[in-house]
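Scroll down for the structure; my scribbles are underneath it.
The values are calculated or read from the model by the stated rules, or taken from the named source; none is laboratory data. Because the structure is a prediction, the values reported are computed rather than measured. Note: ideal-geometry Cβ built from the backbone for every residue, glycine included; neighbour counts use all protein chains shown.
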Amino acid sequence: MTEEEKPASIHGAVCPMPLRHYDKIVMGHGSGGRMTQDLIKQCFAPYLSNPVLDAGNDFATLSANINGPLAVSTDAHIVSPLIFPGGDIGKLAVCGTVNDVAMSGAVPLGLTASFILEEGLSTQTLVEIVKSMAESALEAGVPIVAGDTKVVERGKADGLFISTAGFGHFPKNFAIGGAEAKPGDVVLISGTLGDHGIAVLTARGDLAFETQVISDVAPLNHMIQQVLAVAPHVHVLRDPTRGGLATTLNEIAEQSQVNITIDEKTIPVKPAVQTACEMLGFDPLYVANEGKLIVIVPENEADAALAVMKENTYGKGACRIGRVIESPAGRVLLKTQIGATRVLDVMAGEMLPRIC
Amino acid sequence: MKYLDEFRDADLVKIVLDKIHRVTKHHWVIMEICGGQTHSIMQNGIDQLLPPKIELVHGPGCPVCVTSLELVDKALAIASLPNVIMCSYGDMLRVPGSGKDLFSIRASGGQVKIVYSPLDAVKIAQANPDKEVVFFAVGFETTAPANLMSVIQAQSLGLKNFSVLVSQVTVPPAMHAILASSENRVQGFLAAGHVCSVMGYHEYLPIAAKYRIPIVVTGFEPLDILNGILMTVEQLEAGSFEVQNGYNRVVSKEGNLPAQALIKKVYMQCDRNWRGIGMIPMSGWCLRPEYVEFDAETRFSVENIKTKESEICIAGQILQGIKKPPQCPAFGTLCTPEAPLGATMVSSEGACAAYYRFARYEKEES
């Protein structure tokens, strides 16, 4: 080190008082002290405010008069990039857990959210994501009643991880679950497949092409209640997220020990998603969705369920795609568009782009 | 979608299928060369709709499947080096070497990146001047132009930290090897459309003449494949052995001449070991001496590679059309896409993976 490069003097150096308006998350924001309070006041409280959360306790007290069982679900959310066309990790975290609770037939009552923040995360990005959570929670009608934040050193997380839990109650008794599909049932889907996966993949920017596809991430709890109002004997509700429709239907076929046969001709896929999949060697039936609903329902309630789905903003593209039959049990079959029938398998591991 | 929906049209498919049923009088064994075609056949269920007298066997045209075990092991060894970023097409990551794959190298701290284009690997080399960036250049004639463009681009950028591990193979020598084998059953070929889009099909003329076997350049959509089968069967029934082009919306007789000129400039012919099949003379390409500075095999000393292949796997016989995946004792039991014994169970173009995904219950039901 030359003379000129040396610091002029270290005398009088003091630890600076933390700035109140950092533009990036620093370790101090996870200290539990004043900086944490500042972070909560500036980035979370203004947007997520509700009486339960505002009480400021380590616990939430809910005045609920619940008879019967509770539905509970929890989910960890990771996505790169944090903000993508049609959504962001915050919207994903709220909708993902609201939807998981709602798939039981329950009405979601509240959510909790834990945030793992990476040192260096832009506070503006954080605020944008928290605002988006607030908007989604408002739309779903489900308040965020408790939360927590932690900060980890740079390089130990991918910007921001959000873990949410949700709970709900059953206004009526339903027999809904993955093991309830019965031969004779009809399989409905609420719209086009693969939008979320392709939107996120192209938003990463490492493909040599762009698409106009936006993620379908959405809260589905209202649509589910509308379906149940006209089709109270629905057997299965499921959102085909990771692994896509094919993997989800396989889980149901296995749990219910039935066969599900779907018709390739009837499966809705946007042309842009189909094109992206063709180029990458992906199959849209395995690409993730975050705002789609599979309804498996007895034939006599199928038309009514389909009609209310089509009236909902998130179900405009709803259609019938297949049927539940007895055998071969535990499998999903696909009638191909040229009239053959083949196995529709679960996804093996990570979906890999092909060579040529 | 333009150029796809038309070639998946159920009504048109039925018309061609009816013709195939009408013209087929004898039992014929037809090999589709390309793994992409195998995949399309299984995915669409084309094999189920054909007359029982037509037997499709699956060829060696799966680049991931035939990349020699020695080269896979070399890739694993190079990727394990501390200062290396190994770039690969996604399909290669799950291919088992002698005990490991690139995914497990990555999990153990090696830097392995999936690229969608070889030129992305060049960008990675530019962005990481203090790292050695290696691109695993696998593939048939189809990928050769794009693969070698990475070398040309790296050269023009003056990059000193970029090299390629070349595993480039070519189709015609493999066809010779299959046809010359005493176990050969193949009576007609569907030539790989994408390979021919680069190379044209003039190089198949001597093969058709020598072995008196019809060869039809064929595409990948259901209608393309059925049309290729129809043209092949018509020739077989008539006793002719021409090279015909059933994929003329993409392929010309001469092929892509600028691409061929680049191939000649950067690559030269060499012997290649084909995984499961063995050495086929002059069946591949390697870098010309002028480009040796970009050759990862000379840049990194990864000698003493001791390969160990699964003793049960019959991938070699499958790739030559001698056996089919369900005839393997390990198929679907010891060998699955999650725990593959051979590369044919890995790639979306591998015959075993295609059978596993689309038709694996046929074995237990037959």
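Observations, loosely collected:
- In the set A:Gly243, A:Gly291, A:Gly281, only one residue is under 14 Å from A:Gly197 (Cα atoms) and either free of Cβ contacts under 8 Å to residues at least 60 places away in the same chain or buried (at least 24 other Cβ atoms within 10 Å of the Cβ) (or both); that residue is A:Gly291.
- Unmet requirement for B:Ile152, which otherwise passes all of (1) surrounded by fewer than 24 Cβ atoms within 10 Å (Cβ to Cβ); (2) not in a helix (DSSP H, G or I): (2)
- Consider the range B:75-108 and keep the residues that are more than 29 Å from B:Gln320 (Cβ to Cβ) and within 14 Å of chain A (Cβ to nearest Cβ). The one that is surrounded by the fewest Cβ atoms within 10 Å (Cβ to Cβ) is B:Ala107.
- Any chance B:Glu297 is over 25 Å from B:His176 (Cβ atoms) and at pLDDT below 90: no
- Total residues in the range B:166-223, condition of a type in the set (S, T, N, Q) and surrounded by fewer than 19 Cβ atoms within 10 Å (Cβ to Cβ): 3
- Residue in the range B:65-73 that is more than 17 Å from the chain's Cα centre (by Cα), farther than 28 Å from A:Leu334 by Cα and not assigned by TED's automatic domain parsing to the domain that holds B:Gly321 present: yes
- Taking first residues from the range A:167-193 that are buried (at least 17 other Cβ atoms within 10 Å of the Cβ) and partners that are modelled with pLDDT of 95 or more and acidic (Asp, Glu), the Cβ contacts under 8 Å between residues at least 6 apart in sequence or on separate chains come to A:Gly178/A:Glu251; A:Asp185/A:Glu299; A:Val186/A:Glu299; A:Gly191/A:Asp216; A:Thr192/A:Asp216.
- Single residue of A:Ser80, A:Ser122 found to be under 16 Å from the mean Cα position of the chain (by Cα) and surrounded by fewer than 22 Cβ atoms within 10 Å (Cβ to Cβ): A:Ser80
- B:Ile33 more than 10 Å from every other protein chain (Cβ to nearest Cβ), touching a strand residue (DSSP E or B) at 6+ places or on another chain (Cβ under 8 Å) and surrounded by fewer than 24 Cβ atoms within 10 Å (Cβ to Cβ): no
- Among (1) buried (at least 20 other Cβ atoms within 10 Å of the Cβ); (2) in contact (Cβ under 8 Å) with a residue 60 or more places away in the chain - the single one B:Pro118 does not satisfy: (2)
- The range B:52-74, residues that are within 14 Å of chain A (Cβ to nearest Cβ) and either closer than 17 Å to A:Ile338 by Cβ or modelled with pLDDT of 95 or more (or both): B:Leu56
- Selection from the range B:313-366 of residues that are of a type in the set (S, T, N, Q) and away from every other protein chain (no Cβ under 12 Å): B:Gln317, B:Gln320, B:Gln327, B:Thr333, B:Thr344, B:Ser366
- Criterion violated by B:Ile305 - all others in (1) buried (at least 24 other Cβ atoms within 10 Å of the Cβ); (2) among the β-branched types (Val, Ile, Thr); (3) assigned by TED's automatic domain parsing to the domain that holds B:Asp101 satisfied: (1)
Residue-wise test of (1) assigned to a loop (DSSP other than H, G, I, E, B); (2) modelled with pLDDT of 95 or more; (3) more than 8 Å from chain B (Cβ to nearest Cβ).
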site	(1), (2), (3)
A:Asn300	no, yes, yes
A:Ala305	no, yes, yes
A:Lys310	no, yes, yes
A:Gly322	no, yes, yes
A:Ser327	yes, no, yes
A:Leu333	no, yes, yes
A:Leu352	yes, no, no
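- Criterion (over 15 Å from A:Val127 (Cβ atoms), part of a loop (DSSP other than H, G, I, E, B) and at pLDDT 50 or above) met by exactly one of A:Gly32, A:Gly28, A:Gly12: A:Gly32
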